[in-house]
Amino acid sequence: MNPILLKLIPPLINETTHHIKHNSTASQEQQNGASQINSAIQNVYKTTQQNAKTAASMTDSSDELIKQTIYKRKQNILDDKKL
């Protein structure tokens, strides 16, 4: 093999190694970012589910309060008529 070509091989190997390490690092960073995004989405989903349950509970409570208010008003009207 040509001695000049042999001298060019080590720097090319070093450059290739550098690129491989850079790609590996970038890949790891992307994986970490994807994991963080996934975790954030899961947290948003859990919070949304909790909020939906809370909203449903508040609706039920509100409906019950409306029923009680109507009942009390009817009772007050009946009591007023008795007087």
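Since every read-out is calculated from the coordinates, none of them should be taken as a lab result. Just so we're clear, the structure is a prediction, and the values are computed from it rather than from any experiment.
What are the principal axis extents of the Cα atoms in the chain, in Å, biggest first?
119, 11, 10
Of all the C-alpha pairs in the stretch 1-44, what % are more than 12 Å from each other? All intermediate terms of the calculation are to be shown ahead of the outcome.
Details: 667 of 946 pairs.
Looking at the stretch 1-44, the distances longer than 12 Å represent 71 percent of pairs.
How about residue 74: which aspartates and glutamates have a C-alpha closer than 20 Å to its C-alpha, ignoring those fewer than 8 places off in the same chain?
Within reach: 63, 64.
Which ³J(HN,Hα) values, rounded to whole Hz and listed in residue order, are derived for the stretch 42-49 from phi using the Karplus coefficients 6.51, -1.76 and 1.60 in 6.51 cos²θ - 1.76 cosθ + 1.60 with θ = phi - 60°, glycine and proline given as x?
Once rounded to whole Hz, the list reads 4, 5, 4, 4, 4, 5, 4, 5.
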